[in-house]
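These notes are about the structure you will find just below.
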Amino acid sequence: MFRKSIIPILIFVLLGTIKGLTVLADTGEMAGSTNASETWRALQRLQTTATVLHTVAHPDDENGPLLTWLSRARGVRTGLYSTTRGEGGANLIGPELFDALGIVRTEEHLAAVRYYGIDLFFSSAVDFGYSKRLDETLEKWDYQMLLEDMVRLIRLYRPDVVISRFQGNRQDGHGHHQVSGVVTLEAFRAAGDANRFPEHLSEGLQPWQPKKLYITRSRWRRSNTETSDAPLLKIDTGEYNALLGLSYSQVARQGLSYQRSQGVGQTRASKGSAVTELRLVDTTLTEQENSEESLFDGIDTTIIGMAKLANTAAVDAEFAQLQESIDAAIREYDARHPWTVVPHLASGLKTTRGLIESVQRIDLEDSTRSHLLFLLQNKEQELMTAANAALGLSLEVLVQSTAARSSETFAVAIPGQKFSIGMRMVNPAPVAAELVNISLHTPEGWSVHRVQENSDLTGIMPIQTNEPISILFEVEVAQDADYTQPYWTRASEYHDAVYTLKRPEFRFLPFASPEVTGVVTYRVDGVDFTLTQPAQTVSINRPWGERRRLLTVAPAISVSVSPRIGVIPIAESAMADGEATFTATVEMLNNVKGEAGGTLSLRLPDGWQASPENAPFAFTHEGASKTFSFQVSAKNVQAGREYAIQAIAAYNGVEYTAGYQTIDHPDLEPRHLYHPAVMTLRSIPLKVPSNVSVGYIMGVGDRVPEALQQIGIDVEMLDREELRTGDLDRFDTILIGIRAYAVRQDLIAYNSRLLDYVHNGGNLIVQYQTPEFDAAPFGPYPYTMGRRPEEVSEEDTQVAILVPDHPVFHHPNPITADDFKGWVEERGSKFLTEWDANYQALLTCNDREQEPQHGGFLTAKYGQGIYTYCAYAFYRQLPAGVAGAYRLFMNMLMLGK
């Protein structure tokens with residue numbers, strides 16, 4: 001709970017009063033924009049009360065050009081609602097999967113909507129992986145939960161028009177897409193029905209009925225009920241914006257290109273016409289023309305329309321004055337001198353606040369009063385946003401460096417820490433303004449003290465043009481401060497399909513609001529405006545320069561185990577003879593601003609022992625990290641049982657038992673994903689031959705090497721030089737990581753050396769790749785993946801062994817149907833579609849209503865060695881501790897041995 005608030009955070013944001021709380025890395029605005037262009041966009045927004053909500057299933061599903069055109073060309077208040085954060089997808093830029101990938105894709109989506117110029121929302125549903133059918137998706141997701149989520153958001157955001165990306169049938173393809181369409185179609189009417197979800201009424205949330213529902217029409221997706229004469233609304237999103245020097249479809253493509261983990265938007269859009277087609281599928285308007293000129297035909301979205309809604313002469317003059325102020329600002333706008341509109345904005349803001357008081361006072365129906373206040377409060381914030389842009393105001397809220405001759409600060413704050421935050425405001429415009437107040441908003445329990453260095457900075461004071469105003473605050477973090485982390489969580493990444501919201505006040509938002517925010521109130525022509533900016537830390541990323549990141553709170557000591565889920569190989573299916581021995585790896589990170597020392601130990605099951613019993617640690621500075629290895633002897637281990645090891649770091653009288661993964665990519669705000677420092681161990685019957693040497697060519701990133709190392713396999717990562725000149729014959733097996741041919745140019749360049757390695761007797765395993773694998777003959781014999789390769793998404797579908805006598809199903813571990821039980825998310829992806837007769841298909845499986853897929857596990861004898869292409873998702877199964885996957889993978893490593 002924040003110390004200074006008037007209304008709940010969620011309503012605060014959904015009313016449009018975002019006030020910079022959703023700042024992205026370094027900047028909250030699209031690259032290439034100017035105050036002139038942003039002022040014009042803000043003025044466009046002032047002319048209308050129109051609101052649109054676009055619904056999709058995943059990040060990157062959206063019609064970005066349409067959203068950008070609505071927001072930037074027509075000033076429409078526009079929201080994008082994604083059912084999921086995309087956790088179940090693949091990742092082209094790093095090893096993050098599941099919840100970590102959800103954070104990456106949320107940040108990428110934020111970067112994209114910075115270009116679209118819109119609001120972004122998410123439901124609580126989790127992307128559980130590719131689904132081909134509506135019914136399968138609804139086996140994972142509760143339909144009523146999804147419907148309630150969307151109805152609630154519609155009632156909060158109050159769109160006039162809803163645009164669904166999907167139509168809710170098999171034409172949508174992905175089961176998640178179908179559900180998004182079905183839910184949108186029902187939510188459109190349900191949101192306006194007071195009998196649907198009546199609990200909303202008790203929360204003060206009123207029914208809201210949008211006027212129109214459209215579906216975006218795609219050239220590759222047509223409704224099977226759509227006729228050639230079905231009325232369509234066509235919008236040219238290729239319209240040119242001279243202030244930006246780009247068309248709206250070009251701006252949208254730049255935004256889409258930030259969704260790098262999915263490899264989308266990588267080609268540039270060109271200038272020229274780019275038509276989006278919309279089909280009207282439902283409306284509450286009684287007189288709807290067959291041919292439409294606009295999304296808002298029949299809907300009054302004007303300022304005077306608010307006066308008509310009020311339907312009382314008591315406010316007509318005030319609404320007319322508001323209209324005149326907005327018209328004057330637009331009429332006198334000059335891109336070279338955008339600040340000339342500020343007096344009109346001040347007049348409009350004064351009128352708007354007077355209207356809010358009038359609407360609260362005069363006799364109106366409750367529903368009418370509620371909606372007028374909603375619209376006017378939006379206009380209040382929009383007028384302040386326009387003024388801030390027109391003036392070109394700058395507000396920096398930066399943690400202060402304690403180092404001489406350096407602007408770099410600490411990386412994260414810790415509970416109990418004291419530090420300084422400086423606020424620096426500049427008004428570069430020649431407009432007379434006064435500073436009314438400057439403050440720092442912090443969570444409850446924090447201590448904030450303003451350092452009065454300049455006696456002139458008291459009371460109301462003039463703001464001189466282009467002269468900085470600086471204020472210093474001393475801050476102390478509460479001893480019991482919460483750590484900065486996503487407000488959503490789930491117990492199991494592999495089995496839970498809905499998030500639990502730890503802080504429900506942030507429901508629907510990408511992330512919780514920043515911990516600390518600077519707030520400035522300034523006055524122009526007697527009217528008060530507000531400007532906000534989150535507090536940031538500063539680092540120098542040489543040679544690229546300064547990076548500013550949100551101020552976050554983290555523990556003094558972060559403790560993480562690797563892997564979080566492991567296995568204990570045992571020789572018998574019932575009870576292991578003697579002891580099972582394995583390595584537990586613990587990584588520690590110091591966030592203390594200086595020296596920190598203590599003891600690291602493991603809490604073990606009864607009878608188990610660790611060597612050493614404990615390990616002292618000593619750090620000298622923040623950011624120092626160290627990895628500790630414990631040899632664990634486990635007694636009386638039974639097959640099929642789970643055991644837990646807890647890592648505990650004792651420092652300064654406190655035990656630290658959790659740690660975080662830093663998720664940090666270029667152009668994205670870093671985020672922390674926390675995990676208990678607990679290693680869950682599953683004892684499985686598994687024979688692991690000794691002295692097995694594996695070379696690993698990492699692709700986009702996966703956790704397979706850690707999984708193998710945990711059971712005692714020697715894994716060496718192969719870089720460019722190893723591929724170019726290294727002795728590859730020293731490895732029993734070489735593994736190629738997922739999607740490596742998409743990102744490793746050295747692999748493509750020296751692929752022939754890997755084929756030579758096979759020919760000389762080596763065992764090469766290629767894990768799943770993407771269609772780039774067809775770019776050259778990378779295998780020893782011809783094959784084809786195709787542009788749209790098959791995948792088997794039902795993780796529990798039956799798998800059949802095609803060649804039962806093949807060694808991979810016998811040595812060193814016998815493989816049966818039971819070894820394909822308990823898999824997570826999927827069977828596999830990117831199966832080959834055609835292959836030479838020298839390849840032998842070993843497994844087959846298929847989803848319901850899918851033909852059997854033989855192209856997921858192929859081996860070939862080549863010279864003296866063996867070449868394998870395996871699309872089965874071992875990169876998901878091994879980190880999840882799936883017993884059968886370990887057994888089969890071990891057999892793959894031993895092929896030819």
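The values are calculated or read from the model by the stated rules, or taken from the named source; none is laboratory data. These numbers come from a predicted model, not from an experiment. We place every Cβ from the backbone using ideal geometry, glycine too, and count neighbours over all the protein chains shown. Just so you know, the surface numbers come from the protein's heavy atoms only, side chains and all, with ligands and any DNA or RNA stripped out. Shrake-Rupley method; radii C 1.70, N 1.55, O 1.52, S 1.80 Å.
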Which members of region 247-273 meet the condition of being closer than 15 Å to Leu67 by Cα, open to solvent by 30 Å² or more (accessible area, probe 1.4 Å) and not basic (Lys, Arg)? Gln254, Leu256
Only one of (1) over 30 Å from Pro569 (Cβ atoms); (2) out of contact with any Asp or Glu (no Cβ under 8 Å at 6 or more places or on another chain) does not apply to His810, and that is (1)
Quick check on this structure: which one of Ile648, Ile684 is open to solvent by less than 20 Å² (accessible area, probe 1.4 Å), within 21 Å of Gln709 (Cβ to Cβ) and out of contact with any His (no Cβ under 9 Å at 6 or more places or on another chain)? Ile684
So, in region 607-643, how many residues would count as being β-branched (Val, Ile, Thr) and either open to solvent by 60 Å² or more (accessible area, probe 1.4 Å) or farther than 16 Å from Ile568 by Cβ (or both)? 2
Give the number of residues within region 842-857 that are over 20 Å from Met894 (Cβ atoms), free of Cβ contacts under 8 Å to residues at least 60 places away in the same chain and either in the same structural domain as Phe98 (by the TED database) or crowded, with 16+ Cβ neighbours inside 10 Å (or both). 4
Matching option when the condition is touching a Phe, Trp or Tyr at 6+ places or on another chain (Cβ under 9 Å), at pLDDT 95 or above, of a type in the set (S, T, N, Q) and outside any loop (DSSP other than H, G, I, E, B), among Asn378, Asn388: Asn388
Please work out which one of (1) over 23 Å from Thr340 (Cβ atoms); (2) touching an Asp or Glu at 6+ places or on another chain (Cβ under 8 Å) is the condition Leu398 fails and give its number. (2)
Every pair of residues 6+ apart whose Cβ atoms lie under 6 Å, when the first sits in region 809-829 and is assigned to a loop (DSSP other than H, G, I, E, B) while the second is of a type in the set (Lys, Arg): Pro812/Lys687; Asn813/Lys687; Asn813/Arg887; Val824/Arg876; Glu825/Arg876
If I filter region 744-765 down to residues being open to solvent by 50 Å² or more (accessible area, probe 1.4 Å) and assigned to a helix (DSSP H, G or I), which single residue comes out as farthest from Ile697 (Cα to Cα)? His759
When you go through (1) in contact with a strand residue (DSSP E or B) (Cβ under 6 Å, 6 or more places away or on another chain); (2) hydroxyl-bearing (Ser, Thr, Tyr); (3) closer than 30 Å to Glu579 by Cβ; (4) open to solvent by 10 Å² or more (accessible area, probe 1.4 Å) one by one for Ser690, which number turns out not to apply? (1)
All positions within region 196-231 that are part of a loop (DSSP other than H, G, I, E, B), open to solvent by 30 Å² or more (accessible area, probe 1.4 Å), modelled with pLDDT under 90 and not aromatic (Phe, Trp, Tyr): Arg219, Arg222, Asn224, Thr225, Glu226, Thr227, Ser228, Asp229, Pro231
Output the residue which, of all residues in region 790-802 that are out of contact with any Gly (no Cβ under 8 Å at 6 or more places or on another chain) and open to solvent by less than 30 Å² (accessible area, probe 1.4 Å), is nearest to Ile734 (Cα to Cα). Val799
Among helices (runs of 4 or more DSSP H) entirely within region 243-350, at least 2 residues that are touching a Cys at 6+ places or on another chain (Cβ under 9 Å), in contact (Cβ under 8 Å) with a residue 12 or more places away in the chain and polar (S, T, N, Q) occur in none
Residue under question is Val436, and the condition is that it be open to solvent by less than 30 Å² (accessible area, probe 1.4 Å), among the hydrophobic types (A, V, I, L, M, F, W, C) and not in a loop (DSSP other than H, G, I, E, B); does it hold? no
Hey, could you check region 693-738 for residues that are without any contact (Cβ under 8 Å) to a residue 40 or more places away in the chain, over 33 Å from the mean Cα position of the chain (by Cα) and assigned to a loop (DSSP other than H, G, I, E, B) and say which is surrounded by the fewest Cβ atoms within 10 Å (Cβ to Cβ)? Asp727
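Which one of Ala871, Ala885, Ala841 is within 31 Å of the chain's Cα centre (by Cα), among the aliphatic types (A, V, I, L, M) and within 28 Å of Asn760 (Cβ to Cβ)? Let's see the steps before the verdict.
On the way: Ala885 fails: within 28 Å of Asn760 (Cβ to Cβ); Ala841 fails: within 31 Å of the chain's Cα centre (by Cα).
Within the list Ala871, Ala885, Ala841, the selection yields Ala871.
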What are the residues in region 59-82 that are under 18 Å from the mean Cα position of the chain (by Cα) and open to solvent by less than 10 Å² (accessible area, probe 1.4 Å), if any? Pro59, Gly64, Gly79, Leu80, Tyr81, Ser82
